[in-house]
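The values are calculated or read from the model by the stated rules, or taken from the named source; none is laboratory data. In this text the structure is predicted, and so the values were computed from the model without any measurement. Note: ideal-geometry Cβ built from the backbone for every residue, glycine included; neighbour counts use all protein chains shown.
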Amino acid sequence: MIGVFLVCCTAACTLRRQVAPASPYCRGGNPLSGVYHPSRLRVKSRCRIAVGTVSKVVFEPYDGDVHIDLRPDDPLLLSDGNDRVGGNLVVEVIPFDRARVAVPEEGARVEVVGPWVEDDQHGWNEIHPAWWVSAGRIEPATAAELRAVQLLLQTNASDTR
């Protein structure tokens, strides 16, 4: 009886081993930390890698995010809602990360890492926030952009899941 118990315990411990993260750029903690209105996002995967070609890059003045439309190699990253953004995966670099996450140029082939989420407000899938982009330039948010997003986050502090 004790032998069966020890075998079961060993098996249980083996099954509880942690799986290695998808990328060394994956982060611990709240995957939506620093995101404006995180309650609209449903995390499908805490950390996902997406590879594709950049179709469009827009600096959003309201929340300071950099919006990147990525034509992913893996169409399974998309939902029907992504048709409304040209069949692209939306990738967003938040202001607090712009000092360390590259902003790619349109037409570049890149790999991005971050939480894979469904935006319930818009009905499409995103990598938001992007924690790493393989190519591009570092374009830190200005002090004014950082102040503005900090005010937005404070104003919407109750917007958490």
Inset, instruction - Just name the residue that is nearest to Gly28 (Cα to Cα) out of those in the range 74-88 that are surrounded by 14 or more Cβ atoms within 10 Å (Cβ to Cβ) and out of contact with any Lys or Arg (no Cβ under 8 Å at 6 or more places or on another chain). - result: Leu78
Legend entry - Among the residues listed as Ala157, Ala130, Ala141, the single one being more than 14 Å from Arg40 (Cβ to Cβ), at pLDDT below 95 and either under 18 Å from the mean Cα position of the chain (by Cα) or crowded, with 19+ Cβ neighbours inside 10 Å (or both): Ala141
Legend entry - Only one of Val91, Val85 that is farther than 21 Å from Leu152 by Cβ and among the β-branched types (Val, Ile, Thr): Val85
Legend entry - Arg71 vs. criteria touching a Phe, Trp or Tyr at 6+ places or on another chain (Cβ under 8 Å) and either in a strand (DSSP E or B) or over 22 Å from Ala141 (Cα atoms) (or both): no
Legend entry - Which numbered condition Phe96 misses (of (1) surrounded by 15 or more Cβ atoms within 10 Å (Cβ to Cβ); (2) not β-branched (Val, Ile, Thr); (3) not in a helix (DSSP H, G or I)): (3)
Inset, instruction - Looking only at the range 119-127, decide whether some residue is charged (D, E, K, R) and farther than 20 Å from Gly28 by Cα. - result: yes
Inset, instruction - Check Ala12, Ala22 and return the single one that is over 20 Å from Ser79 (Cα atoms), of a type outside the set (S, T, N, Q) and modelled with pLDDT under 65. - result: Ala12
